[in-house]
């Protein structure tokens, strides 16, 4: 958390808040947030005078595209961005502050302190860690049914861990994997290679529709997620399976079960998502 819909929502919000703003100064208050360069003073100095042209997303990462630099940011568990007027009180968990020449400030706060920032030259960010080995974007034109079938072909891996693997498909975390598998009627412990062409097509459509619905709802605020304007998402009110252990399945009336698959808590309906019979 946050997953693709939440990061996409943050990206869209940031574009309304900071696009076109020029950075006057940067202050790093927690050095370990900055991974590249390894000297925070260089990080601060390099960003001075640059303008944020737009913000993009790659998987669960934010890409701040500046005039001559790219800042890659991962929010991890609790990272947040917010735009403030100069002089507003600082939250004690504020770790990086971008001062703009119009007197506003973009502040990065992170209670858990797991977030990261990496600074690159344009194009360099896509060829080096952490972005260089990411898989297909599920809401992009490259995520075709054919590409998805090729990805799953011949793999013994259980389908849930495969979908969580960012080297295959990016941005689909635990919530949306459970939701997509339930919508497609596929048990999370099925191996990828056991899925028929029709099942893979069904799952492909379920992933796209689930993520699209979640983006339109501003993501899911099942914990502490808010967008850049402090607003919660609402998709948690539409969740069909995730977090509903022992509740009644909306589709068939069976009791929702929870188990551990690939080390992750997993919700499923034993009737709508039967295991593969051998």
For the chain, find the longest principal axis of its Cα atoms and tell me its angle to the long axis of helix 197-216, 0 to 90°, nearest 10. 40 degrees
In degrees, nearest 10, range 0 to 90: what is the angle between the Cα axis of helix 4-18 and the longest Cα principal axis of the chain? 20 degrees
Restricting to Cα pairs below 8 Å that are 6+ residues apart, what does the relative contact order work out to for the chain? Please round to a whole percent. 18 percent
Answer label for semi-axes √(5λ) of the Cα gyration tensor in Å (calculated), chosen among (i) 30, 24, 20; (ii) 29, 26, 15; (iii) 38, 20, 15: (iii)
Counting pairs of alpha carbon atoms under 8 Å apart in space and at least six apart in sequence, what relative contact order in percent does the stretch 145-268 give? 24 percent
Arrange 235, 176 by Cβ neighbour counts within 10 Å, fewest through most, would you? 235, 176
Can you give the relative contact order of the stretch 4-126 as a percent, counting alpha carbon pairs under 8 Å and 6+ residues apart? 30 percent
Any chance you could give the angle, 0 to 90 degrees and rounded to 10, that helix 174-184 forms with the longest Cα principal axis of the chain? 40 degrees
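What shape does the stretch 4-126 take by its C-alpha gyration tensor, where a ≥ b ≥ c are the square roots of the eigenvalues and a/c under 1.5 counts as rounded, a/b above b/c as prolate, and the rest as oblate?
Numbers: a/c = 1.12, a/b = 1.05, b/c = 1.06.
Because its axes are fairly even, with a/c under 1.5, the stretch 4-126 counts as rounded.
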Among 118, 150, 67, which one shows the biggest mean-square fluctuation in a GNM of the chain, springs joining Cα atoms closer than 10 Å? 150
Between residue 216 and residue 84, the two model label points (7 Å from Cα along the beta-carbon direction) sit apart by a distance in nm of 3.6 nm
Working out 0.36 nm times the residue gap between residue 30 and residue 245, then minus their Cα-Cα distance, what length gain in nm do you get to one decimal? 73.5 nm
Can you list the residues of the stretch 239-278 with backbone N under 18 Å from a point 7 Å past the Cα of residue 193, pointing along Cα to Cβ? 276-278
For the chain, built as a Gaussian network whose Cα springs stay under 10 Å, the top-fluctuating residue of 174, 132, 15: 132
Comparing 73, 180, 194, which has the greatest mean-square fluctuation in the GNM of the chain with Cα pairs linked when under 10 Å apart? 194
Cα-based Rg (one decimal) and Dmax (whole number) for the stretch 145-268, in Å? 14.5, 44
In whole angstrom, note down how far apart the Cα centers of the stretch 51-119 and the stretch 123-202 are. 29 Å
PRE reach from residue 53 (point 7 Å along Cα→Cβ): which of the stretch 1-34 fall under 12 Å by backbone N? 20
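Here, each number is a calculation from the coordinates, and none is a lab measurement. A quick note: this is a predicted structure, and the numbers were derived from the prediction, not measured. Here the Cβ is made from the backbone with ideal geometry for all residues, glycine too, and neighbour counts use every protein chain on show.
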